[in-house]
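Please read the structure below before turning to the comments.
The values are calculated or read from the model by the stated rules, or taken from the named source; none is laboratory data. Being a predicted model, the structure only gives us computed values, none of them experimental. Please note: Cβ atoms are built from the backbone with ideal geometry, for glycine as well, and neighbour counts cover all protein chains shown.
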Ligand code: CA
């Protein structure tokens, strides 16, 4: 493979739109770390993404409760600029809401009326979208002392003046732009620092978390999660320890992985910061040169470090030598639980791999681990050794294809879970989504092409609707109320589709969750009984939150569809039957605002040009398509609606197809594949798309005939 031209992130441009009054009085929100640590003292505010440092996402407000939730209605809505992946949990301080949208837009809104106070567009180069696995979402801001912080998709950490959205400083969190780093997570304020991690482990990067001085943006500390250059001395005792667990040194050229792309939590008493780490580069352990027994620290682990220095404190590795993309980046929740008759300070996680972990957060000791969802890769976790009993026969795909459960979408992904200290239950947006993994040990890896580096054959789905249907039916979602002490399910609500929203627990005995099929729902927290629902126009993935202004309690959620599931698995996501449409939805008792009508469904697909290629060329085009295009436009050329469905190409677009693939629409988010694909390969992909457009016409005709009397 040749080296492709890279997009240099645009550091210069920024834009601010000032609309009306300044946000939150004279100096902006005077939140600091002590105020976040004492979040329960001001339950009307929601000052950090997870509300409090324990990331429980529990609101002590109870004016809205199980008795009156049936009268909940829209207070206001606010339309976001980009209809992709709405993933943020808003922050509300003293009557002002700060939130983010796709491509890292930042918004300040009057929390009572929804009126825009200001917005900020960091001008992320749109073609950067292709250098990350899972869409261009952003999970929200952090605020401290009159500043609002956002991690921009292209790797910049930006501090804004909370009063007007003007940029105060920006710092580049990425040391090496020849590799595909990105940011989708929310920053976390810890004392005078702002913490942020990065994504990119599907593309060949070295994972780390960074702490920056919140006033100046200067790097305070950085903790790498996988070892560095084997020719140089290890950077720290932790990296010395990690290096011994990798066999060979291929990892360094490929990056290693282990990215910290989502969960960060903080315990002010222990002064420890906790974060989860992602998969290895490649997914395929054999392709990254590892033997079966290599642990590959700190992949798929929870790591605790000193909040002031970033020095290693302890780690717990959930999946030694991970090869299933079992990221441990999902929500980390801290709680104080009575376990075995003893009060314990614990850390809770329900990661992708399907086990629910309870750790002692002072020491990292594993207290319990049980399956909360079907998981075929391991039979159980040994409490003495802390290690999983991996079922190689069921799950080792390095020498041949295996249907693995959970697949890379996980039994739970980034959609945040919550914990209610009132019910003692954890509310997990769980799912079932198996995947067929097959090795490609001869893959020519190049971490600088912006291409996936997984050591797998391209993911694929059946094209024949009859073969596809059982796969669609096997993909499910589930809201799970889980007792973390007894390690068992208390109640569940089943969904036809995975990829449902994050959860919020409240003191009003309520759990709120948005759904993939476009609803926002309230359940009784103790029994799981459905008490209320409202349409959201779009699939909902984000975590809801609640706040109080002027004596009125509000519940807020971002509606908006996107992410890995609808992008790659478009043909499985069509059960959701909703179009991406991103909007802040805010509810109160007796609210009377109306939701604008949903976007129309797409028109009938245009008649495709005749297919001119032979079957071999079309099959070659299929493999090239699934390997290069399918992760965004949908495997088998069926889009989940977030980016264009290529079976709908117009005659004009067919005519300029090679130009589009070579970058004609880069400014609108379609990257250039010049250097990655040759003209004859592009022609094969084009012919495959024409074939799939004809398939689609046939499917529509069959469906029409079935409906005819
Ligand atoms: Ca991953």
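Looking at the range 550-580, which of the residues that are more than 16 Å from residue 505 (Cα to Cα) and touching a strand residue (DSSP E or B) at 6+ places or on another chain (Cβ under 8 Å) is surrounded by the fewest Cβ atoms within 10 Å (Cβ to Cβ)?
As a first pass, look at the range 550-580 and keep what is more than 16 Å from residue 505 (Cα to Cα): 550-552, 558-580.
Adding the requirement that they be touching a strand residue (DSSP E or B) at 6+ places or on another chain (Cβ under 8 Å) leaves 552, 558-560.
On the way: 552: 17, 558: 33, 559: 28, 560: 32.
Across the range 550-580, the extreme among qualifying residues is 552.
Among the residues of the range 266-277, are any buried (at least 19 other Cβ atoms within 10 Å of the Cβ), assigned to a strand (DSSP E or B), within 13 Å of the ligand (Cβ to nearest atom) and touching a residue at least 40 places away in the same chain (Cβ under 8 Å)?
yes
Assess whether residue 584 counts as being touching a strand residue (DSSP E or B) at 6+ places or on another chain (Cβ under 7 Å) and in contact (Cβ under 8 Å) with a residue 40 or more places away in the chain.
Considered against the rule, which asks whether it is touching a strand residue (DSSP E or B) at 6+ places or on another chain (Cβ under 7 Å) and in contact (Cβ under 8 Å) with a residue 40 or more places away in the chain, residue 584 comes out as yes.
Evaluate the range 233-256: report whether one residue or more is within 16 Å of the ligand (Cβ to nearest atom), in contact (Cβ under 8 Å) with a residue 40 or more places away in the chain, outside any helix (DSSP H, G or I) and crowded, with 20+ Cβ neighbours inside 10 Å.
yes
Name the residue, out of 62, 54, 40, 83, that is outside any strand (DSSP E or B) and free of Cβ contacts under 8 Å to residues at least 60 places away in the same chain.
40
All but one of (1) assigned to a loop (DSSP other than H, G, I, E, B); (2) within 16 Å of the ligand (Cβ to nearest atom) hold for residue 163, so report the exception by its number.
With (1) assigned to a loop (DSSP other than H, G, I, E, B); (2) within 16 Å of the ligand (Cβ to nearest atom) applied to residue 163, the lone miss is (2).
Being under 24 Å from residue 419 (Cα atoms) and within 16 Å of the ligand (Cβ to nearest atom) narrows it down to one of 354, 364, 341, 407, so name that one.
The conditions single out 354.
Pick out the one residue from 150, 136, 174, 124 that is within 17 Å of residue 104 (Cβ to Cβ) and in a strand (DSSP E or B).
Result of the check over 150, 136, 174, 124: 150.
Mind listing whichever residues of the range 460-507 are closer than 18 Å to residue 520 by Cβ and outside any strand (DSSP E or B)?
Result: 496, 497, 498, 499, 500, 501, 502.
Can you go through 296, 322, 308, 336 and tell me which one is farther than 23 Å from residue 477 by Cβ and free of Cβ contacts under 8 Å to residues at least 40 places away in the same chain?
So the residue among 296, 322, 308, 336 that is farther than 23 Å from residue 477 by Cβ and free of Cβ contacts under 8 Å to residues at least 40 places away in the same chain is 336.
Examine the range 678-685 for a residue that is farther than 20 Å from residue 601 by Cα, crowded, with 21+ Cβ neighbours inside 10 Å, assigned by TED's automatic domain parsing to the domain that holds residue 619 and touching a residue at least 40 places away in the same chain (Cβ under 8 Å), and state whether such a residue exists.
Yes: the range 678-685 contains one or more residues that are farther than 20 Å from residue 601 by Cα, crowded, with 21+ Cβ neighbours inside 10 Å, assigned by TED's automatic domain parsing to the domain that holds residue 619 and touching a residue at least 40 places away in the same chain (Cβ under 8 Å).
Hey, can you tell me all the residues within the range 186-232 that are within 16 Å of the ligand (Cβ to nearest atom) and assigned to a strand (DSSP E or B)? I'd like the intermediate steps shown before the answer.
The initial filter retains those residues of the range 186-232 that are within 16 Å of the ligand (Cβ to nearest atom), namely 197-209, 225-226.
Listed by number, the residues that qualify are 197, 199, 206, 208, 209.
Yes or no: residue 113 in contact with a strand residue (DSSP E or B) (Cβ under 9 Å, 6 or more places away or on another chain) and crowded, with 24+ Cβ neighbours inside 10 Å?
no
Can you name the condition, by its number, that residue 180 falls short on among (1) over 30 Å from residue 660 (Cα atoms); (2) touching a residue at least 60 places away in the same chain (Cβ under 8 Å); (3) out of contact with any strand residue (DSSP E or B) (no Cβ under 8 Å at 6 or more places or on another chain)?
Of (1) over 30 Å from residue 660 (Cα atoms); (2) touching a residue at least 60 places away in the same chain (Cβ under 8 Å); (3) out of contact with any strand residue (DSSP E or B) (no Cβ under 8 Å at 6 or more places or on another chain), only one is false for residue 180: (1).
Pick from the range 285-301 the residues that are within 16 Å of the ligand (Cβ to nearest atom) and closer than 23 Å to residue 265 by Cβ: which of them is surrounded by the fewest Cβ atoms within 10 Å (Cβ to Cβ)?
The first filter runs over the range 285-301 and keeps only residues within 16 Å of the ligand (Cβ to nearest atom), leaving 285, 287-288, 296, 298-301.
Adding the requirement that they be closer than 23 Å to residue 265 by Cβ leaves 298-301.
Working: 298: 30, 299: 35, 300: 30, 301: 24.
Of everything passing the filter in the range 285-301, 301 is surrounded by the fewest Cβ atoms within 10 Å (Cβ to Cβ).
Select from the range 302-329 the residues that are surrounded by fewer than 24 Cβ atoms within 10 Å (Cβ to Cβ) and within 16 Å of the ligand (Cβ to nearest atom) and write down the one among them that is modelled with the highest pLDDT.
317
Can you say whether residue 7 is in a loop (DSSP other than H, G, I, E, B), more than 19 Å from residue 157 (Cα to Cα) and either modelled with pLDDT under 60 or not assigned by TED's automatic domain parsing to the domain that holds residue 661 (or both), as far as the supplied structure shows?
Taking the combined requirement at face value, the residue does not satisfy it.
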